[in-house]
Amino acid sequence: MRKLLIAMLALSLVGGASAAGQYGSNHSTGVMVGAYEPGIGGIFNYSVPLNIDGLARSGLGLVAEGQIGGGLGDGEFGMSTMIGAKLVFVMNNSTDLYGGLGVGTELQPDTEIGAGGQIGLNLNLDGTRVFFEAGQHPGNNNYLGVGLRF
């Protein structure tokens, strides 16, 4: 019985999307370019909206996301990965705000495990989903950029 309850809870958490805003009702990918320590770089992400009815009734959504990012500058290369969750505040049909936390690892120049986070804004401009995001990946890899969500 206990295993059945745990399975039902897990399925309810990963079931379709609800108030996920510009993340839609399915998974999405995003590509962002901008400043990424130590110079200029980018981030690729894969997002999956999670269906949590209590949040949806409040106009909020929860999104699980994996990211990989890298930057090059002053002869140095920095690269890190992160997996985490974002809380999405849906403002209207074309705009939402989000913030998230996660854990990951810096891959270059040194291997380091740590925490990271981000804040951002999603906009739907005539069907094109644009986002602006600032954050930090493990290893003090700060970033600020603009991207497209597909």
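Laboratory data are not the source of any read-out in this text; all were calculated from the coordinates shown. Values in this document were obtained by computation on a predicted structure and should not be read as measured data. Note: ideal-geometry Cβ built from the backbone for every residue, glycine included; neighbour counts use all protein chains shown.
Taking the Cα centre of region 34-149 as origin and assigning +1 to Lys and Arg Cβ atoms and -1 to Asp and Glu Cβ atoms, the resulting dipole is close to 480 debye.
When its C-alpha radius of gyration is set against 2.2 N^0.38 Å (N residues), region 73-150 gives a value of 1.24.
Going from the fewest other Cβ atoms within 10 Å to the most, the residues 47, 28, 94 appear in the order 94, 28, 47. The Cβ shell under 10 Å around residue 121 holds other residues with a net charge of -2, Lys and Arg each +1, Asp and Glu each -1. Among 123, 55, the ranking by other beta carbons within 10 Å of each residue's beta carbon, starting with the fewest, stands as 123, 55.
For region 40-97, a/c is not less than 1.5, where a ≥ b ≥ c are the root eigenvalues of the C-alpha gyration tensor, and a/b tops b/c. That puts it in the prolate class. Stick to the Cα atoms of region 16-149, pair each with every other, and give me the Kirkwood hydrodynamic radius in Å at one decimal. Answer for region 16-149: a Kirkwood hydrodynamic radius of 14.8 Å.
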